[in-house]
Every structure is written in C-alpha cells, then in structure tokens.
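Quick note: the coordinates plus some simple rules give every number you see, no bench work behind them. It should be emphasised that the depicted structure is a prediction, and the values quoted were computed from it without experimental measurement. Every residue, glycine as well, gets a Cβ built from its backbone with ideal geometry; the counts of neighbours run over all protein chains shown.
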C-alpha cells in the first residue's frame, strides 16, 4: 500500500508537468487542468492498490485526467449559462469533447514548451514567473515552494492565484513565441531557471547556505528545456553552468562555514557532474552560437578542470571574462575580470582595474567588491588596507556563513 | 479580446513643433494600419490634465475638485481600443503608439476590456422594483 502510494507520488512528480501542460492546452485553463490532474491522481491512489500500478502509469493518469477534464467542462456547461468569463475556456474545450477522446489521449503533443513560455511571460512579474514555473512544470506543491523561498504559504498561494488570473483575464497566449520574439522570451525562461538554481545554491539570507532541492529542480527544468529546444546553445550552456556550479556543493561549506574555491577539498567535487557539465558545454559550443551562459559555463569548466588552485588557467579565465563583458558589461562581471587579471597578469594590475571600477561609487554597497579588493591586498601583503576592506565587506554581507568567512580572514590579516 | 491601450505622456513644456509633428505622424500611421486590419475600435487624445475636474461623492453629495484624481509623473493623454488575438498582439501594437504628445516620452498601459458583466437576475430585480414603484 505504502509502496503504491510512493510509486504514484514519484510518477506524479515526474510526469505532472507534461500532463498538466497538455491539459492546459486542451482546456485553456490552469485551474481546470490542475483540478482534473488532482482528481486523476486521487483516482490512481484509490484503484491502484487493488489493480496494481499500470504498465503505462503516465498514460493512465493522462487518460483519466482528460476524462475528468471533459466531465468538468460538461458539468459547468449544463450548470451555468455561458458567461463571458467562461467563453474563452469552454470554446476551446468544446472542440475536444468528440467521441474518440480516449484514444486520442495517448497521442497528445508535448505542450511543456508552450507552458514554460506562458509561465515566464514578461507580463508576469519575475516572482510570479518563478512560483508558477515551479508549481506547474516543476510539480512542486505550494507549501514546498513557500518553504524553499522562506515565505508564508498564503503569500505564495496568493502570488500563484494572481498570476493564473492574469494569464486568463489578459489572455496571455499559450504558445511558443514566433521567431521574432523567441530570443527575448527564451532569455526570460532561462533567467527564471537560473534564478531558481541560484536561490537553491546561495541563500540570500538566513543560515541555510544551500537549498539543494531548488538547485536540483532548476537543473531538471533546464534539461527539459534542452530536450524541447535542443538546437539552442544557450539552453545547453545554462545546464552546463548549473551542473558545474553544483558539482562543488559538497566542498563549498565545511562545518557551517563557506570555503572559497582555492581552499576547497577538490576530492569532494562531484566528478560525474563535472563530466556531464563539460559534455553539455561541448555540445553547446559545437552549435557556434555563443552567449553569456556558455561563457560562464566555460569559466566554471576551467575551474573544474584544475587539479589544484595553482593549476587554474587564469589567463584563459581572464580572456573568457573579457568576452563575457561584451555580452554583459556589468560592473560585477568587470570585477570578476579584474580578479582574473590580478591572478594572471599580476596583482598590482588587477588592483588597478578594481580601484578604477570602484571610482564611480556604484560598487560601494556591493560586498563582493570589498571582499575581492581585500583578497588582493591580502595577497600583496598590505594587511592594514586589507583589514579595512574586509571590515567594509563585513558591514554589507547578509549571509551568516559569508560573514563568518570574512571575520576569519580579518583575524588572519590582523593578528592581535 | 478587446484591449484598451492607455497612453501616458509626460506633460512638459518645450516640445518642438517637429517633435509634435512626429508624434502626429506616428499616430496616423498606427491608426491607419489598425483600421486597415479592421481591429481599430476607437482612439482619441485627451485634453491636458489642467482641464481635468474630479468628482467624488461624499455622504451622497458630489464634491467637485479641480485637477486629476491623482498627481502622477506621467499623465493619461489618450487611448486606443483594439481587438487583438491575445496580449502579445496588444503588446506589439503598444510598441507602435507614440507617447510624446504632451511634451516628453511616457508609456502605454494595456488593460483588457472584459465587457459589461451579464447579470440578468439583477436586471430583472431592478425591473421588478421599478414596476412596483
């Protein structure tokens, strides 16, 4: 019994995104689709303990959910007059209530791409995009998402309700955008997935530095995106980047303290994830359509391939950051470029670049700017200036684990 | 689905004749194209907010004040009503509507027009009440 329940739950987690996408495509309604899917899941839990898990469990759920969906539409059609607000969905559902509905249920197209573009539509704010993507394509429950983002469940539920209502009432299309809009919209999908990953990788506040379930979910979503759009180099680059970052997760924290890359125990790096990340990166590069995710993945790959910190090819990393700057001329990328220059061309030269960046004052409130400056000053054996920079970084860092790291460094440069 | 595209412009002195001509030409082109496609259901400019009067009913009495209901950085300057397939089509059109008519560039807000709700049960009550005097 418990086994059946577990099997059904696992199947649900794996397949719900795909099934839900199809049901939304048919009904034009997120709510109807979710309701039908939940009813089908309940039906599975009721009948599988006796009949056993069907060989094609996913198809069973799809067919059952489709039938529930049609039942629901019929129920509403007889119960209510055709209200204006219902016309959009019932018009679409009406065309599918034909006699061969059950046979066709097995041959539904994969609508997940349409779903992900709708969930990440720029007319929704990014918080809503993230919540809706995790709820629909990720198959995460509202409480699970709320926990992962350290938010009250009611807040998250409200966010999802509002987003679904806007999709419905403003007629946000359920489609893969046409070519002239595709690039821009795809960027917004990639941004949502990467944001989910980073939320799991580095918590912005609180004690939990990593919430790995979110990272794992982001990687899964990235893989789905690659499966659906295999010719997009940046999709592959994004998955490569996430895998390569994630490969270091066991080495990043020791006894609750953040460990910088050059102090990490490289034996803890996940070689399987690194190998897979590099495979994704190579496939991406072979498409010859470079972009910022591929460049960042290439940088992560150079780090991943260095057996020791001294082996790191900083010349190549500096060159990659210089190219990334062309795509993304932000001060943060420029800061990373300066650090790479410091470690390849020379500490003084890197410090000059960093100080030049700092002159605008825009980085004053950015803790990594002060931390990077402090680190170079430490290497240059200029302890008083390094200590001052560490103190400034400490004032700005919000993560307890990062604060611990900076405090330790500060004690090292300023022995009492 | 019908959408209202609300034009918010910045009321700012110093607009040149050339700039306003450019805005005018932009509107003409957009209206003509939307008209040709048969989706234009209305479009008109609004007089500046200096002409606005706000009426608020308080305790059953209409209180009249001078000016728009809220002071904002950008002011409502006109609208289009377009029949579009979906929000993406409306967003495309919004990109073609000039916003500089009141002196400086602003933005377009898109709002769906769901239509007046059909509430026959309420209408019949009102009708019955009217009949019974």
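State the Cα centre-to-centre distance between region A:279-303 and region B:75-98 in whole Å.
The distance from the Cα centre of region A:279-303 to that of region B:75-98 comes to 39 Å.
In nm, to one decimal, how far is the modelled label at residue A:147 from the one at residue A:279, with both set 7 Å along Cα→Cβ?
The modelled label-to-label distance comes out at 3.2 nm.
Let me see the P(r) profile for region B:1-117: every Cα-Cα distance counted, bins of 5 Å, each bin given as a percent of all pairs.
2, 11, 19, 20, 16, 14, 10, 5, 2, 1
So how compact is region A:136-183: Cα radius of gyration and Dmax in angstrom?
Rg and Dmax of region A:136-183, Cα atoms, are 14.0, 39 Å.
Quick one: helix A:367-379 against the long Cα principal axis of chain A, what's the angle to the nearest 10°, folded into 0 to 90?
Helix A:367-379 sits at roughly 30 degrees to that axis.
Fully extended, how many nm does the chain gain between residue A:255 and residue A:267 (0.36 nm per residue separation, minus their Cα-Cα distance)? Numbers along the way, then the final one.
Numbers: separation 12, 0.36 × 12 = 4.32 nm, distance 1.67 nm.
Separation in residues times 0.36 nm, less the Cα-Cα distance, equals 2.6 nm.
Averaging sequence separations of C-alpha pairs under 8 Å and six or more residues apart, then dividing by the length of region A:241-384, give the relative contact order as a whole percent. Write down the numbers at each step before the final one.
Numbers: 147 pairs, mean separation 23.7, N = 144.
Once divided by the residue count of region A:241-384, the mean separation gives 16 percent.
What list of whole percents do you get for P(r) of region B:20-85, with Cα-Cα distances grouped in 10 Å bins up to the one holding the largest distance?
17, 33, 27, 17, 5
If I take R0 = 41 Å and measure r between the Cβ atoms of residue B:12 and residue A:31 in this structure, what FRET efficiency does the formula 1/(1 + (r/R0)^6) give, to the nearest 0.05?
Rounded to the nearest 0.05, the efficiency is 0.35.
Kindly express, to the nearest 10 degrees and within the range 0 to 90, the angle between helix A:233-246's C-alpha long axis and the longest C-alpha principal axis of chain A.
60 degrees
Simple spin-label model, 7 Å along Cα-to-Cβ: residue B:58 to residue A:307 in nm?
Once both label points are built, they end up 8.2 nm from each other.
Hey, what's the per residue convex hull volume over the C-alpha atoms of region A:111-229, in cubic angstrom?
93 Å³
Stokes-Einstein D for region B:54-133 at 20 °C, 1.002 mPa s, Kirkwood Rh over Cα pairs, in µm²/s?
Rounded, D is 125 µm²/s.
Over 41 Å, how big is the tail of the calculated P(r) for the protein assembly as shown, in percent of all Cα pairs?
Summing the P(r) of the protein assembly as shown above 41 Å gives 41 percent of all pairs.
Return the distance in nm (one decimal) between the two label points of a simple spin-label model at residue A:14 and residue A:286, each offset 7 Å from Cα along Cα→Cβ.
About 2.7 nm, to one decimal.
Where does helix A:30-51 land angle-wise versus the long Cα axis of chain A, in degrees 0 to 90, nearest 10?
80 degrees
Can you give me the relative contact order of chain B as a percent, contacts being Cα pairs under 8 Å and 6 or more apart?
Reported as a whole number, the value is 46 percent.
Would you mind telling me which residue in B:12, B:85, B:118 has the biggest mean-square fluctuation in a Gaussian network model of chain B, where springs connect alpha carbons within a distance under 10 angstrom?
B:118
Compute the relative contact order of chain A as a whole-number percentage, counting only Cα pairs closer than 8 Å that sit 6 or more residues apart in sequence.
Worked out over chain A, it gives 10 percent.
Starting from the Cα of residue A:7, move 7 Å in the Cα-to-Cβ direction to define the label point; list residues of region A:24-68 whose amide nitrogen is under 11 Å from there.
Answer for region A:24-68: A:48-57.
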